[in-house]
1. Can you bin every Cα-Cα distance in segment 276-403 into 5 Å intervals starting at zero and give me the percent of pairs per bin, rounded to whole numbers?
2. In units of 2.2 N^0.38 Å, what is the alpha-carbon radius of gyration of segment 119-167?
3. Answer with a single label: of [x] 31, 27, 23; [y] 34, 24, 20; [z] 28, 27, 22, which was calculated as semi-axes √(5λ) of the Cα gyration tensor in Å from the structure in view?
4. Can you tell me what the convex hull of the Cα atoms of segment 46-201 projects to on average, as an area in nm²?
5. Could you give the semi-axes, largest first, of the ellipsoid that matches segment 349-399, computed as the square roots of 5 times the alpha carbon gyration tensor eigenvalues and rounded to whole Å?
6. Kirkwood hydrodynamic radius, segment 207-365, all distinct C-alpha pairs: what's the number in Å?
7. Using +1 at the C-beta of Lys and Arg and -1 at the C-beta of Asp and Glu, which of Leu137, Gly274, Val111 has the Cα lying farthest in the positive direction of the dipole of the chain?
8. Specify the residue with the greatest mean-square fluctuation among Gly121, Gly186, Gly210, computed from a Gaussian network of the chain linking alpha-carbon atoms under 10 Å apart.
Amino acid sequence: MSLRPSTRTARSAMLIAAALALTACATAQPEHTALPAETAEEAQPHGYVEGAAELAEPQQLLAAVDAAGAVRLLDPVTEQVVEVADVGAVEHLADDGRFLAATTADGVTIVDTGVWTVDHGDHAHYYRAEPRVVGTLALDGAASIRSSEATTTVLADDTVVVLDRDALGHGEIVETARIEGAAPDGFAAPGGDGAIVAMPDAVAVIGSEGQTVVEQPCADPAGGTVTRVGVVVGCAEGAVLATETDAGVELERIDYPAGTDPALRASGFDLRPGRATAAAIAGDAGLWLLDTRERSWTLIETEAPLERAVAVDDADGHVVAIDEAGRVLVLDGDGAPVGATEPVLAASLADDAVRDALALEVDASRAYVPLAAEGAVLEIDYADGARIARSLAIDAPLHLAETGR
């Protein structure tokens with residue numbers, strides 16, 4: 001299988017692509033030969049973010065949280081670990097690519113990991129700033145968090161809190177809206193001038209004044225994700241896809257193929273950021289691939305039931321997964337194993353608390369899984385037969401999230 005070039009070649013290509021993107025940003029700006037002094041002082045380069053450094057390549061970090069709530073950031077390039085804070089015992093961890101949402105007994109604590117990517121479609125900007133704890137939201141239950149450039153949504157239980165993302169990036173929690181009555185197991189993400197929210201029997205676009213702009217029926221909403229195309233919310237009958245158009249947010253259903261067994265309902269939607277296809281667990285049968293460009297579902301049967309599945313690429317349907325035996329697998333678009341590790345996660349799956357927290361993080365060239373009992377994160381080269389490339393040392397990483405992608 002050939003999913004990527006060699007590490008050295010891939011890194012060089014990434015640097016060249018980033019440099020070209022930055023050049024394209026700069027040349028896209030209109031030329032001004034004479035600005036008034038006060039305007040020249042205020043002018044900033046395209047992509048400028050106050051308080052952050054813009055760099056030429058993604059600044060990926062592995063955010064690890066132990067059972068006691070110590071938050072640490074591991075740089076997979078240098079293998080250096082930075083201690084950020086102690087937020088108290090964490091029941092659940094989610095992230096949006098920059099911010100962590102850590103559910104504790106005190107609420108949902110937001111941690112800024114200080115690395116993020118702004119994707120403009122034809123180019124991207126990569127940033128780095130100082131990590132810090134931003135604050136705690138008075139919410140109960142496992143939280144999910146999603147962000148646009150302007151807005152962040154945090155869903156916990158049946159409440160969605162809408163935050164000013166710019167303020168969040170400057171260390172301040174500014175709540176712009178609070179939506180009650182959401183589906184507790186549903187999904188929420190920024191959309192339009194408000195939020196896209198799974199309500200108990202529908203997916204709704206909620207405007208900035210709290211009004212329902214449009215809605216689409218969705219029985220028993222549960223889970224969701226964000227793809228290159230739009231926001232996905234899982235439903236009993238399939239999914240609802242929300243896309244941004246010139247006329248506003250449009251909602252459409254993507255139903256399962258006719259005759260699909262309800263026991264195969266999709267759960268645990270996940271994908272490598274920036275892709276259009278998401279993977280999801282299909283009961284004990286294997287996994288689903290949801291292609292949001294084609295508005296289609298494909299059932300992929302596997303030899304053994306899966307615990308986690310992440311779609312890696314759109315063209316060939318490759319998936320990185322964890323099976324019930326604790327092996328990390330690389331599967332092709334037909335579900336055939338391309339590579340597999342030994343059952344390195346068997347002990348993790350035998351412990352219910354560790355199993356519930358188990359993360360599978362996938363970026364453009366590597367996958368990462370935590371080994372809490374061994375104080376390590378395994379780095380897996382999924383383009384080379386699921387080869388374990390390194391074991392990265394970090395204290396008791398019960399929860400794991402990769403940010404900066």
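1. P(r) for segment 276-403, in whole percents per bin: 2, 12, 22, 24, 20, 12, 6, 2, 0.
2. Numbers: Rg = 13.3 Å, N = 49, 2.2 N^0.38 = 9.7 Å.
So the Cα radius of gyration is 1.38 times the expected 2.2 N^0.38 Å.
3. Step by step, semi-axes √(5λ) of the Cα gyration tensor in Å for this structure corresponds to label [x].
4. If I average the Cα hull's projected area over directions, I get 9.6 nm².
5. Sorted largest first and rounded, they come to 20, 12, 9 Å.
6. Working: mean 1/r = 0.0612 Å⁻¹.
About 16.4 Å for segment 207-365.
7. Going by the charge dipole, the pick is Gly274.
8. The residue that fluctuates most here is Gly121.
The values are calculated or read from the model by the stated rules, or taken from the named source; none is laboratory data. Note that the coordinates shown come from a computational prediction; the quantities given were computed from them, not determined experimentally. Positions of Cβ are backbone-derived with ideal geometry, glycine not excepted, and every protein chain shown enters the neighbour counts. Heads up: the accessible areas ignore ligands, DNA and RNA and are worked out on the full protein's heavy atoms, side chains in. Shrake-Rupley method; radii C 1.70, N 1.55, O 1.52, S 1.80 Å.
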